[in-house]
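To start, the structure under review is shown below, and the notes come after it.
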Amino acid sequence: MIDDISELLTNWGFNAPPGGWLAHCFAISVIVILAVIANVIAKSVILRAVKAIIKRTKYKWDDVFIERNVFGRFSHIAPALVIYILTPLAIASGGADPEGAEGLAETLIDYVRRASLIYMLLVTVLSVDSFFNAILDIYRTFDISKHIPLKSFIQVAKIFLYFLCIMFVIALVVGQSPLKLIAGLGAMTAVIMLVFKEPILGFTAGIQLTTNKMVARGDWIEVPSFGVDGDVEEVALTTVKVRNFDKTISTIPTNALITDSFKNWRGMSESGGRRIKRAIHLDIGSIKFCDEESLDRFAKIQFISDYIEKKRKELAEFNESKKADNTALANGRRLTNVGTFRAYIEAYLRHHEMITQELTFLVRQLKPGETGLLIEIYVFCKDK
């Protein structure tokens, strides 16, 4: 190619050896122009056509590849590929070159092609990085992503990808095989373990969390040792991001969820209700038997009117069978105000639309304490 260009330039009136150098400059200019043309074709023609095809499809997941600029980054390979292929034709020494120029040309060709390879390698890695991000975005649109987080595995793949990229770049710079460099890293295992300690621990912890379904995106967790109480937004390689209920963001090491204890409220969220466990404290001195006047007043309460009527008949029959003396309330069986109050609480909760009746339902008296007699409410609310 150089000889042909030199002959053409000589015919135009340029004498060698200057004509030989001019031929090289002319050939390099042609390659630069072709590289620019290839870049324009890749971006303005091919890339636009790909985007148009993707936008016309009925699927939405493929739009993520455009948003993540996967094809846009990959299109940068076109000009580098042209330079890599055509450089030997432009710089190769021709017959008009002075003595010793052949070695210089070969060295220059080697440097240019190495630079082109490094550039294409970096572009490929960045494109694959965007592809991984797109895959992660698509995966998050599925419900399974809430139970099996994938980001930690994607991050491990990225680390491995960039590690290989660095090895290949170093190999191209020093002119050695990348396999020899990777094999030589065996002696640096201890250093690598120290540098990548947190990612390794995070990766193993992520596998345990995913395999055992201990935590997933959207779970409500409490980690007292870190002051965390909120919803999990992201399970990454080294950290877990949690949005607390005060709208602050907390990040905790992934490994901490394996070594430390934490509470996951997922079971409550997936069940039929959220527990209400509260105790009402009553003054023991206020507890007494109910007289007829009290019973007449309680019978007007809608929730316990049937209960009062039923208990009146039941106790009247019992006391009559036992021939109890009605001159004192302590004789025979009587209703107490605290027992009636407990019955009212139970009836009220039975009729409440937000209290589930399928789960545990308890309204009971507990052992009296320093604060008085305790009536515990142990029910489940439908609002979780």
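If you go through the range 273-311, how many residues are open to solvent by less than 40 Å² (accessible area, probe 1.4 Å) and assigned to a strand (DSSP E or B)?
Final tally of qualifying residues: 1.
Considering only the range 66-96, how many residues are part of a loop (DSSP other than H, G, I, E, B) and at pLDDT 85 or above?
4
Among the numbered criteria (1) open to solvent by less than 70 Å² (accessible area, probe 1.4 Å); (2) free of Cβ contacts under 8 Å to residues at least 40 places away in the same chain; (3) of a type outside the set (Lys, Arg), which single criterion is violated by Glu370?
Result: Glu370 passes all but (1).
Just to be sure before I move on: is Leu329 open to solvent by 70 Å² or more (accessible area, probe 1.4 Å), in contact with a strand residue (DSSP E or B) (Cβ under 7 Å, 6 or more places away or on another chain) and assigned to a loop (DSSP other than H, G, I, E, B) in the structure I sent?
On the way: open to solvent by 70 Å² or more (accessible area, probe 1.4 Å): yes; in contact with a strand residue (DSSP E or B) (Cβ under 7 Å, 6 or more places away or on another chain): yes; assigned to a loop (DSSP other than H, G, I, E, B): yes.
Judged against the criteria, Leu329 is a match.
Say whether the condition of being crowded, with 16+ Cβ neighbours inside 10 Å and charged (D, E, K, R) is met by at least one residue in the range 193-206. I'd like the intermediate steps shown before the answer.
Of the residues in the range 193-206, the ones crowded, with 16+ Cβ neighbours inside 10 Å are 199-203, 205-206.
Pick out the ones that are also charged (D, E, K, R) and you get none.
For the range 193-206, residues crowded, with 16+ Cβ neighbours inside 10 Å and charged (D, E, K, R): absent.
For Val174, which of the numbered conditions (1) surrounded by 14 or more Cβ atoms within 10 Å (Cβ to Cβ); (2) without any contact (Cβ under 8 Å) to a residue 12 or more places away in the chain fails to hold?
Answer for Val174: the failing condition is (1).
Would you check if Asn319 is part of a loop (DSSP other than H, G, I, E, B), farther than 30 Å from Arg278 by Cβ and open to solvent by less than 70 Å² (accessible area, probe 1.4 Å)?
no
Looking only at the range 216-272, how many residues end up being of a type in the set (Ser, Thr, Tyr), outside any strand (DSSP E or B) and either open to solvent by less than 50 Å² (accessible area, probe 1.4 Å) or at pLDDT below 90 (or both)?
So in the range 216-272, the residues of a type in the set (Ser, Thr, Tyr) come out as 225, 238-239, 248, 250-251, 254, 259, 261, 269, 271.
Filter once more, so that each one left must be outside any strand (DSSP E or B): 225, 238, 248, 254, 259, 261, 269, 271.
Right, trim to either open to solvent by less than 50 Å² (accessible area, probe 1.4 Å) or at pLDDT below 90 (or both) and you get 225, 238, 254, 259, 261, 269, 271.
Total satisfying the criteria: 7.
Give the residue that is surrounded by the fewest Cβ atoms within 10 Å (Cβ to Cβ), with candidates limited to residues of the range 131-166 that are in contact (Cβ under 8 Å) with a residue 60 or more places away in the chain and hydroxyl-bearing (Ser, Thr, Tyr).
So, considering only residues that are in contact (Cβ under 8 Å) with a residue 60 or more places away in the chain and hydroxyl-bearing (Ser, Thr, Tyr), the one surrounded by the fewest Cβ atoms within 10 Å (Cβ to Cβ) is Thr141.
Looking at (1) in contact with a strand residue (DSSP E or B) (Cβ under 7 Å, 6 or more places away or on another chain); (2) in a helix (DSSP H, G or I), find the lone condition where Arg334 falls short.
(2)
How about the range 337-384: which of its residues are of a type in the set (Phe, Trp, Tyr) and within 45 Å of the chain's Cα centre (by Cα)?
Answer for the range 337-384, where residues must be of a type in the set (Phe, Trp, Tyr) and within 45 Å of the chain's Cα centre (by Cα): Tyr348, Phe361, Tyr378, Phe380.
The values are calculated or read from the model by the stated rules, or taken from the named source; none is laboratory data. What you see is a predicted model; the values in this text were computed from it and never measured. Counting neighbours? That spans all protein chains shown, and the Cβs are built from the backbone with ideal geometry, glycine included. Accessible surface areas use protein heavy atoms only, side chains included; no ligands, DNA or RNA. Shrake-Rupley method; radii C 1.70, N 1.55, O 1.52, S 1.80 Å.
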